[in-house]
Amino acid sequence: MTVKARAGVPATDKQVEFVRALAEQVHGDNAPEFMLAHRESGTFDDRAETSKVIDALVLARRDAGRRQARAEGDADVPAARYALPGADGAWEFYQVDKPTKGKWAGYTFVKRLYGSPGDFAQVRISRRDARDILARISEAEYRDAERALRGPEAAAVAFSREHGVCAACLAPLTDPVSIATGLGPICRGRFVA
């Protein structure tokens, strides 16, 4: 007895509309051509095939977000902890994370830190506020008796001076060079162009 292959179940209107919305985000002005090509190929005649297109578009949108984040200058601020002067003159502390593996690889996250090293409470910051903080870190200035610093290194050294630990790895600063520069010998390389 031969079993006839069941025809694919057509995509729902909601799925097709979601594909259209994603295509506009990923392909912009080329979205109508993208939709036409998939209609003509019969993609929307099968829910499973339509789901594959949705998955591919979601991945493409995520990759576009990563590229946009890099274009906005996130790449200029290394993963570390930073101190910035607050509106009231007190220091505000931040942590910048840049995962290199997993589904968040390529993204930049900024958290506000409260407390002290080893016991920091971390508060997530919105993407818009994170962009502002990253810009402030990029423009930071720090002066001491021996030198004047600008950019992320300045904000990292300010953190190190306040806490006595390396801003990148939180190791205690013990040798004279690390204490003088405000960063550990290995982590200092993150800030040298």
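Every read-out reported here was derived from the displayed coordinates using simple, explicitly stated rules and does not represent laboratory data. Since we're looking at a predicted model, the values are computed, not measured. Ideal geometry is used to build each Cβ from the backbone, glycine not excepted, and the neighbour counts take in all protein chains shown.
For segment 103-134, name all the residues that are exposed (fewer than 14 other Cβ atoms within 10 Å of the Cβ) and hydrophobic (A, V, I, L, M, F, W, C). Across segment 103-134, the qualifying residues are 105, 121, 123.
Output the residues belonging to segment 19-67 that are of a type in the set (A, V, I, L, M, F, W, C) and under 25 Å from the mean Cα position of the chain (by Cα). Hits for segment 19-67 are 21, 22, 23, 26, 54, 56, 57, 58, 59, 60, 64.
Just one residue in the set 100, 181 is surrounded by 13 or more Cβ atoms within 10 Å (Cβ to Cβ) and at negative phi; that residue is 181. State whether one or more residues within segment 98-106 are of a type in the set (Val, Ile, Thr) and touching a strand residue (DSSP E or B) at 6+ places or on another chain (Cβ under 7 Å). Within segment 98-106 (the criterion being of a type in the set (Val, Ile, Thr) and touching a strand residue (DSSP E or B) at 6+ places or on another chain (Cβ under 7 Å)), the answer is no, since none of the residues qualifies.
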